[in-house]
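Read-outs throughout are calculated quantities, based only on the coordinates presented, and are distinct from any laboratory measurement. Just so you know, these numbers come straight off a predicted model, no measurement behind them. Here the Cβ positions follow ideal geometry from the backbone for every residue, glycine too, while neighbour counts run over all protein chains shown.
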Amino acid sequence: MKIAISGKGGVGKTTLAGVMARCLADRGFKVLAIDADPDSNLASAIGIDWDTMREIKPLAQMTEFIEERTGSKKGEYGSFFKLNPKVEDIPESFSVEKDGIKLVVLGNIPQGGGGCFCAENVLLKSLLSYVLIERDEHVIVDMEAGLEHLGRGTTEYIDALIVVVEPGQRSFQTARDVKRLAADLHIPHVYIVGNKVMDDKDLALIKEHLNDLPLLGYLSYNDKIMEADKRGLSPYDIDTKIKTEVNAIIDILKTVKK
């Protein structure tokens, strides 16, 4: 499966992405996790230790590497660079591994996000196109809400865009915005997953306000998620409940994708 996960900042999308990667790897699948959120925290959610995390350099900050791959140079009439840089070796050469999961951190596209037609943008979008179209393992992309790293040419290969929502109006509005962006990019399969759900009323509120988006499942409000963050651990490593809930979401997703 090729899955992109989005949602409002702080809603828990990175938690879902990290635990989902661990659950899939625990089932024996090869998993490639892509951190495409400028506020990069997926390594921690997967459970990669702090010393290893400090060694991870986002691709967008690797200036010399970007110049080498894109042939980027400035001239009298602006910047020039290749539109199809080599990216096939990046998942092996620039990833860190944890329990069968390869993690690649993209980082932030400078000066204008996805609207920036620059060498960094071209390299990152080329990499995403490659992993979504060519790679044969499960791919999980932790997005920001804006979907800036995605391009029209790759979205048909996304099996599911999951929008994580919590029971609140700001989160609901972000989900609507993501759905609109997904429609613009012709992403056909958009789902929601509830998070921080305390009771049936919270779940009913999510269903009421986002009744046009299929609900895959939900994660309960869980103090152990905050505990994991304080300890620098993945919730996967300290809580069986979240593993059960995420595995149920994976099972439902596999069913709806048949």
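Against the main long axis of the alpha-carbon atoms of the chain, helix 13-26 sits at an angle near 90°.
Applying a DSSP loop filter and a limit of 15 other Cβ atoms within 10 Å to the GluC sites (Glu not before Pro) in the stretch 30-107 leaves E55, E76, E88. The loop-placed GluC sites (Glu not before Pro) in the stretch 137-178, going by DSSP, that have at most 13 neighbouring Cβ atoms within 10 Å of their Cβ come out as E156.
Per-residue extension of 0.36 nm, minus the Cα-Cα distance of Q169 and D39, leaves a gain of 44.5 nm for this segment. Taking all Cα-Cα distances within the stretch 2-256, those exceeding 34 Å account for 15%. At an R0 of 22 angstrom, the distance between the Cβ atoms of L83 and H186 translates into a FRET efficiency of 0.60.
Ignoring lysines fewer than eight residues from K30 along the same chain, the ones with Cα atoms less than 24 angstrom from its Cα are K2, K13, K57, K86, K98, K102, K125, K241, K243, K254, K257, K258.
If both residues of a DSSP beta bridge must be in the chain, then about 20% of such bridges are antiparallel.
Relative to the current alpha-carbon distance between R27 and D223, full extension at 0.36 nm per residue lengthens the span by 68.0 nm. Note on M198 and T255: the extension gain reaches 17.9 nm, defined as 0.36 nm multiplied by sequence separation minus the Cα-Cα distance. For the stretch 1-88, applying the loop criterion from DSSP together with a ceiling of 11 other beta carbons within 10 Å to the chymotrypsin sites (Phe, Trp or Tyr not before Pro) yields Y77.
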